[in-house]
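Have a look at the structure below, then the notes.
Values in this text are rule-based calculations from the coordinates and carry no lab data. The structure presented is a predicted model; accordingly, all values stated were derived computationally and were not measured. Every residue, glycine among them, receives a Cβ derived from its backbone with ideal geometry; neighbour counts consider all protein chains shown.
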Amino acid sequence: MQSNHFTRHARQVHSVAHGGAGEGGSDPSIARSWLRCLEDYHLDPAVIEAPVVLEHGRLLESRERLHQVLQIADHEMNSLHQQLSGAGHAVLLTDARGVILNCVSTPTERRSFERAGLWLGADWSEAREGTNGIGTCLVERQALTIHQNEHFRGRHTGLTCSASPVFDPHGDLLAVLDVSSARPDVSRQSQFHTMALVNLSAKMIESCYFLRHFEQQWLLRFHLQAESVGLFSEGLLAFDGDGRICAANQSALNLLGTVRGGVLGKPLACFFACSHDEMFSRATPGGSTAWPLRTLDGRQVFASLRGKPSNVDQDSCPTGVCCLHHL
């Protein structure tokens with residue numbers, strides 16, 4: 001029975017990947033992924049292969065490289081698991097290669113997720129496991145859901161995965177946050193709510209990592225609404241003592257209507273109608289109360305400026321939950 005299912009699924013994958021109709025054909029990202037799996041990675045959707053799992057020492061090294069991200073993400077992952085009512089879901093964080101570095105699930109369900117290949121240290125890159133939430137999210141660089149038969153490998157068609165990328169302050173992929181379920185009754189429609197929660201948590205991790213990464217730099221936080229300064233949707237600009245921008249998050253780029261290359265190395269005066277001295281006079285070590293600030297094109301935003309705090313031990317800093325406020 002299982003082999004027949006895998007064979008039918010393999011025929012479906014080959015058909016859709018080469019332009020045929022069927023399940024998976026309505027989402028271009030899935031058809032693109034299936035084609036990559038066949039032509040670039042030379043994978044076979046019907047073949048069952050054991051997951052590739054890093055040995056313990058290499059896993060510890062991978063976790064150490066993302067130590068700060070894991071520390072920030074821990075609260076968000078547990079909170080997300082609780083919001084999803086826990087049962088039937090695993091919340092995963094991977095590195096930019098697709099290797100699982102942390103997993104939150106109920107103890108009684110851990111074995112079932114491990115049988116599905118969701119081990120700590122497992123490689124879920126698209127090149128290894130075919131179309132899946134983690135790997136395809138890394139390739140497409142966008143949030144997406146891979147529901148059951150949309151997976152490339154037949155052995156993964158019992159899973160539903162909703163994943164969102166986490167970018168570093170320079171726009172490079174840092175990690176992937178994923179919620180996976182092995183329940184057969186999970187509908188694609190139910191993933192709209194799950195995907196929204198995963199996206200929110202990923203943005204919280206991104207923003208908190210930005211704040212921690214630049215805690216020794218000047219930092220401008222701004223938004224169109226004063227009450228949104230300090231929330232996940234705020235714009236973040238890190239800059240040096242001369243007022244030259246060294247990093248910007250995606251919200252800042254969206255609010256300024258520009259791209260990353262259009263802000264890096266440029267002074268704040270290129271974007272805001274405020275003198276250098278006036279801007280810096282607003283700073284406080286913990287971040288000033290939001291004040292109205294005009295952009296050069298005449299739009300009003302509300303901003304808070306944090307000056308350079310004294311040196312502190314990073315391990316004594318609050319974790320990601322303390323950096324931002326949830327809505």
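For this structure, a couple of remarks:
- The per residue volume of the convex hull around the alpha-carbon atoms of segment 117-161 is 66 Å³.
- Alpha-carbon centroids, segment 227-304 and segment 141-158: separation in whole Å: 39
- Which of 274, 137 has the fewest Cβ neighbours within 10 Å, and the rest in rising order: 274, 137
- Charging the Cβ of each Asp and Glu at -1 and of each Lys and Arg at +1, and nothing else, the dipole of segment 1-123 about its Cα centre rounds to 220 debye.
- Normalised by the number of residues in the chain, the average gap of Cα pairs under 8 Å and 6 or more apart makes the relative contact order 14 percent.
- In Hz, Karplus ³J(HN,Hα) per residue of segment 280-296 (6.51, -1.76, 1.60; θ = phi - 60°; x = Gly, Pro): 5, 5, 7, 6, 9, x, x, x, 6, 5, 4, 10, x, 9, 9, 7, 5
- Segment residue 49..residue 185, full-extension length gain: 46.4 nm, with 0.36 nm per residue of separation and the alpha-carbon distance subtracted.
- Applying the Karplus relation 6.51 cos²θ - 1.76 cosθ + 1.60 with θ = phi - 60° to segment 104-110 yields 3J(HN,Hα) values of 10, 8, 6, x, 6, 9, 4 Hz, where x marks Gly and Pro.
- The stretch between residue 224 and residue 294 holds 24.2 nm of extra length on full extension. This uses 0.36 nm per residue minus the Cα-Cα distance.
- 12 Å beta-carbon shell around residue 264, net charge (K/R +1, D/E -1): +2
- Taking the fewest neighbouring Cβ atoms within 10 Å as the starting point, the ordered list for 123, 277, 40, 74 is 277, 40, 74, 123.
- Extension reserve of the residue 111-residue 83 stretch, reckoned as 0.36 nm per residue once the Cα distance is removed: 7.9 nm
- Residues 218, 34, 291, 124, sorted so that the one with the fewest Cβ neighbours within 10 Å comes first: 291, 218, 34, 124
- Reduced Cα scattering model of the chain, Debye log10 I(q)/I(0), q = 0.08, 0.12, 0.13 Å⁻¹: -0.42, -0.85, -0.95
- Rounded to the nearest whole Hz, the Karplus-based 3J(HN,Hα) values (6.51 cos²θ - 1.76 cosθ + 1.60, θ = phi - 60°) of segment 47-52 follow the sequence 7, 9, 10, 5, x, 8, with x at glycine and proline.
- On the basis of the beta-carbon distance and an R0 of 22 Å, residue 246 and residue 278 show a calculated FRET efficiency of 0.60.
- Near the amide H of residue 102, within less than 5 Å, lie the amide hydrogens of 93, all on another chain or at least 5 residues away, with H placed in the peptide plane.
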